[in-house]
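Below is one structure, written out as structure tokens, with a few remarks after it.
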Ligand SMILES: [Zn+2]
């Protein structure tokens, strides 16, 4: 893949401001099997930086392709299939251990971040509520659900407090209360909800996966 083949402007969704707009490519870097002295198979990592003309923030996209990812086209020709991911800003959760419903709710909330602050806060609040239900909360109100899950030792005090912020701001957004909400509030609550997702789902799954690796090693060395 040569640089000349790449388009210099592409329509990309900006997860900072929410606009889907043509963005100019302002930087790129790639590396792959061609850069190694020896490699058994062909692969390429490509990084592209795009600048948003609306909010001026940047998006970093990774494209990975290799010879095993062959994608057949209708005209019998085949190409490398590539896998594209937005590395920055964080707009998705890369984990199969997060229940699909929760992952979808969180990603939907992030998509509205720059479009409507109130909708975003309500969607973040909803993500929290789904997680608490998934953890077995049965109480009616969100405040009680937080207490219930925390009382069972599933949420440490810090995350319990973070949950209450999400509740307060989510309620404010839903009921049009007199509390000035700015983008710092949105960024903070989105970050806190992410911490809770990591604490409840991602960290335990990573630790148990590593435990298996370590167990395997100690068996080998016996
Ligand atoms: Zn933007």
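Where a number appears in this text, it was derived from the coordinates with a stated rule and is not lab data. Computed from a predicted model, the values in this text were never measured in an experiment. Cβ atoms come from the backbone with ideal geometry, glycine included; neighbour counts cover every protein chain shown.
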What is the Å³ per residue value for the convex hull set by the Cα atoms of region 80-187? 123 Å³
Below 8 Å, C-alpha to C-alpha, sequence gap of six or more: please give me the relative contact order for the chain in percent. 13 percent
For region 133-222, what is the Kirkwood estimate of the hydrodynamic radius, computed as the reciprocal of the mean inverse distance between distinct Cα atoms, to one decimal in Å? 15.4 Å
Compactness of the chain, expressed as Rg and Dmax over alpha-carbon positions, Å: 21.7, 66
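Compute the FRET efficiency between residue 47 and residue 207 as 1/(1 + (r/R0)^6), taking r as their Cβ-Cβ distance and R0 = 25 Å, and round to the nearest 0.05.
Calculated transfer efficiency: 0.25.
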At R0 = 35 Å, FRET efficiency that the Cβ-Cβ distance of residue 160 and residue 38 yields, to 0.05: 0.10
